[in-house]
1. If you build the convex hull over the alpha carbons only and average its shadow over all orientations, what do you get for the range 444-559? Give it in nm² to one decimal.
2. Give me the net charge of I150's neighbourhood, meaning all other residues with Cβ under 11 Å from the Cβ of I150; Lys, Arg count +1, Asp, Glu -1.
3. By the scheme Lys and Arg +1, Asp and Glu -1, what is the net charge of all other residues having a beta-carbon under 9 Å from that of D244?
4. In Å, what is the Rg of the alpha-carbon atoms in the range 420-479, and how long is Dmax?
5. Which lysines, if any, have their Cα less than 21 Å from the Cα of K351, not counting same-chain residues under 8 positions apart?
6. Taking θ = phi - 60°, what integer Hz values does the Karplus form 6.51 cos²θ - 1.76 cosθ + 1.60 yield along the range 187-193, in sequence order, with x for Gly and Pro?
7. Using a 1.4 Å probe, how large is the accessible area of Y223, given in Å² and rounded to the nearest 10?
8. Can you pull the three principal axis extents for the Cα set of the range 296-425, in Å, largest first?
Amino acid sequence: MPGMPTDGGGAIVPFRREPGQGTPSPPPMRPIRHGVAPPIFRVYISWSSGNLLQVACLRPPNSEVCGGAEEVAGSVVEVNLGCGSSGGAEVEEEIDEAEMRRIEYGSVPAFALLQSRKNALADAAAMSRMSSVPDYAEWWQYVLEYSKTIGNLLGNPDSPAFMIEDPKTILKVREKPTSLRAAWELLEIFYVDKQLQSWLPERLVDWLADFDCLLSAKESTVYSKLSNFQKKLINLQIVEDDPDYWNGLSAALSVGWLDIVVNMLRFHGSYQLDQMDNRETENGLVEAVAVLVSTMPRLRPNLPTGKLGQCCKTRPDFVKAWEKWRGQVTKLECSAFWIQCGHKKTCDGLKNLLHIMMGNIKELTASTSHWLELFASHFLYIRPFTVGFEGMHHLAQKCIQLKPSSGTNGLTGLVIGVLSENPEVVLAECTQNFGPWLVTHAMELLTADNDYADTMLHEERPNLGGISIEELHRIVYAQVLCSHSLTWQIAPTYLSSCLNQGLGLLEILLLKQPIQDNRLVLKTLEICRLYELENVSANIMKIAGIYHWKHGRKGAGVYWFQQAHDKVRLDRIAQQLFERIGKSVTDDSFKQWEGLLELLGPDIGSAGGLEFLHRYRDFKRSLQQALDGRSGEAARQTVDFLIQLMRNPSTPQRFWLPLLHDSVGLLNCKPSPLMNVAETTLLLNKLQELSLAKLRPDFSNNHLPSHALSSVRLALASNLARAILEDP
């Protein structure tokens, strides 16, 4: 798509808003580092593989404004319109291409194992009364194992960085999580992990604690508040006088980050030993709040190492502990010690923390920044027994009204889709924000225990060419893998799982692989063997043989034809070889083709001429040994080869005289006859036929001396005379 650039303030393609549109949001910009000095005369744009766009920038022809001879006249650059391989918009800047390839390769064994188990259960279901694979109790365990494997591949958000931490560190330094990992864990929580369904609210709280930093990229969050306060903490002398200190405490407590709250309370100035004022009451209030925070009841099976709180595994135990703990919070809030505390900001800040623990909606709304944080705070302090998607979705809508988002985020859209129990929305969010890799692998999670999603994804649709949505997304992902030379090898795993069109596309993929490199051909053939594609394998070997033969590599061509069992082309090659050697039966011409003759072998079906050439080769080797005197039996063996060749009807007549002429030296050097009367008579008869053939105009023996016929006749006559004399 060529175009002439216009004056746009240095932009190659200037953007102009249409009149009457007001002030719309600017389009996404992609910087292009082309390295071409202005002016740029013409721009060409064309699609490349995958999500790559090729942009060619050219200077004017015969330009006289070049600053020097080294300035380039044009440049072609590739612009990545998405992630380099199979990521989406959310993961484009988080995961580079090398890391994405590691994820792509690492997910193949888990995906293949799950498909193998699914096929085994499907075969068992066909022989039993089970209607589908998800009806088996062990299926969801297989999916959970698959999900855990993929989750570990995406990274562990709890893994700390290896470094010495500052005593005043608020947020631990750890590996930065990715949106891909967050989306995968969210789907696992809601669709797969049945063991934690009773503690689903607590799982959401943990999920937000791990991935709240991802929401900070576009909006203010608890994580961003604490990060900003961490930066200014080093310069603070009295932390309790800073409003951000108390705001950070309230924000962390509202989302259940109890360990961070207790740690920040220890920063309070009343804990310092060199106090000039009497701050015992103030310190006692701070410590009392810290104890209440660290003993907060949590309805969950266990607590991770280093996390604070009182773990309650059953609802009755939680209710009992919750009422006792709330009574302690209320008792402290009504205590008379607040009057004795002389630091107003400390009193106000601690009371605000108590109000949060008592479930004051006003304080919770003020302390949180994002609707997801307010959503989690409801589970912790207001509605700890929330169950069911409908109740959660209603609560989420209420939180969105109280804390509307200023921008769009793929994770928030995914949460809304999950809570609304709408697999179409979930699939659309994954496709738009996280790319084909997540969609392809997450569909197994969506259908693990959801009959509607299973039907929706596996139903064959006429508008998609008779394939299902699941197969469509797998084919799309396979096409993305095929667009890169380092990932096409794993595309067959996904194409082979598509029963309708996958195998056909797999054959096309394998046949289109370049055959110049033998290692690549061997890799392609190995894939054909794994998927039992014998016909495709034979065609690839034939194509490789034709390529090498046309480019002068005769031996490589014959090798691939033999591997493909292509007897038609091998017969044709044998016939051509026979005709070329037959035109000039000399030692030099024969040695030129002897290697190819050895490679072809004697068993080429109907190539009788090739069988003669192999026997002729054996005759020449034996003759050379006999003339060198290496073996006494060599002379007789040479004669046997000669007689067999002359008796064989496949031996062309133009080879008779060269064969006999080559044997003259052997016949003359032996005192005793090497042939009996019958054998000698046979050769003399053949010689007589040659004498008559000389009269035909098409007879040619230019490569032999003129006295060749006479020399052969004399040698045979001498051998016949000796044979008659010695015949008993």
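1. Numbers: hull surface 34.0 nm².
The number I arrive at for the range 444-559 is 8.5 nm².
2. Working: positive: K148, R181; negative: E145, E185, E188, E444.
Charge balance near I150 sits at -2.
3. Values: positive: K225, K232; negative: D242.
Here the charged neighbours net out to +1.
4. Just the Cα atoms of the range 420-479 yield Rg and Dmax of 10.9, 32 Å.
5. Answer for K351, where 21 Å is the Cα cut-off: K225, K324, K331, K362, listed by chain and number.
6. Each residue's phi maps through the Karplus curve to give 5, 5, 4, 8, 10, 10, 6 Hz.
7. 80 Å²
8. 59, 36, 27
The values are calculated or read from the model by the stated rules, or taken from the named source; none is laboratory data. No experiment lies behind these values; they were computed from the predicted model shown. Please note: Cβ atoms are built from the backbone with ideal geometry, for glycine as well, and neighbour counts cover all protein chains shown. All accessible areas refer to the heavy atoms of the entire protein, side chains included, with ligands and DNA or RNA removed. Shrake-Rupley method; radii C 1.70, N 1.55, O 1.52, S 1.80 Å.
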